[in-house]
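The values are calculated or read from the model by the stated rules, or taken from the named source; none is laboratory data. Here the structure is a predicted model, which is why all the values come from computation and not from measurement. Cβ sites come from the backbone with ideal geometry, for glycine too, and all protein chains shown count toward neighbours.
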Amino acid sequence: MAEIRRCIGSTRYGIEAHEAPVEDFPAQPSQKDGLGRMCKTHWNQYTAGLARDARARKVAEAETELQAAAVPDTEAAVPVESKRPRKRKGAKATTLPEETSEATADAG
Ligand SMILES: [Zn+2]
């Protein structure tokens, strides 16, 4: 018995939601049930559409969108913060680099 799964489609790219056999869905370990939310054909169309859009904007944004589409909603809701440590302003570089390489002409 072939299980039927719902392909969510994408209104943004004119992909209609429909039902398809489970084997038509790509494996996606990040999903709760390990399967993508769109069938292979539509997933390809969707990602291709995203990539096309993103090329007009930024590559980095495309990756974010693709990742957001790939993860479950609960995980996608987690805000992305850049945890870059600030540069300390008060720290002056007063120590000069030590000279370790003194003349070692010992040969002979
Ligand atoms: Zn589909």
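Answer yes or no: is there a residue in segment 64-83 that is at pLDDT below 90, within 15 Å of the ligand (Cβ to nearest atom) and within 30 Å of Ile4 (Cα to Cα). Let's see the steps before the verdict.
Filtering segment 64-83 for residues at pLDDT below 90 gives 64-83.
Then keep just the ones that are within 15 Å of the ligand (Cβ to nearest atom); that gives 69.
In the following step, the residues that additionally are within 30 Å of Ile4 (Cα to Cα) were identified as 69.
Looking through segment 64-83, at least one residue is at pLDDT below 90, within 15 Å of the ligand (Cβ to nearest atom) and within 30 Å of Ile4 (Cα to Cα).
Could you list, in sequence order, the residues of segment 14-40 that are surrounded by fewer than 17 Cβ atoms within 10 Å (Cβ to Cβ) and within 9 Å of the ligand (Cβ to nearest atom)?
Narrowing segment 14-40 to residues surrounded by fewer than 17 Cβ atoms within 10 Å (Cβ to Cβ): 14, 16-19, 21-23, 26-27, 29-34, 40.
The answer is Glu16, Ala17, His18, Glu19, Lys40.
Kindly list, by first and then second residue, each pair from a residue in segment 39-55 that is among the hydrophobic types (A, V, I, L, M, F, W, C) to a residue that is within 16 Å of the ligand (Cβ to nearest atom) and assigned to a helix (DSSP H, G or I), limited to pairs with Cβ atoms under 6 Å and residues at least 6 apart or on different chains.
Cys39/Asp24
Going through segment 1-28 one residue at a time, which ones are touching a residue at least 24 places away in the same chain (Cβ under 8 Å) and among the hydrophobic types (A, V, I, L, M, F, W, C)?
Taking segment 1-28 as the starting set, the residues that turn out to be touching a residue at least 24 places away in the same chain (Cβ under 8 Å) are 5, 7-10, 12-13, 15, 28.
Across segment 1-28, the qualifying residues are Cys7, Ile8, Ile15.
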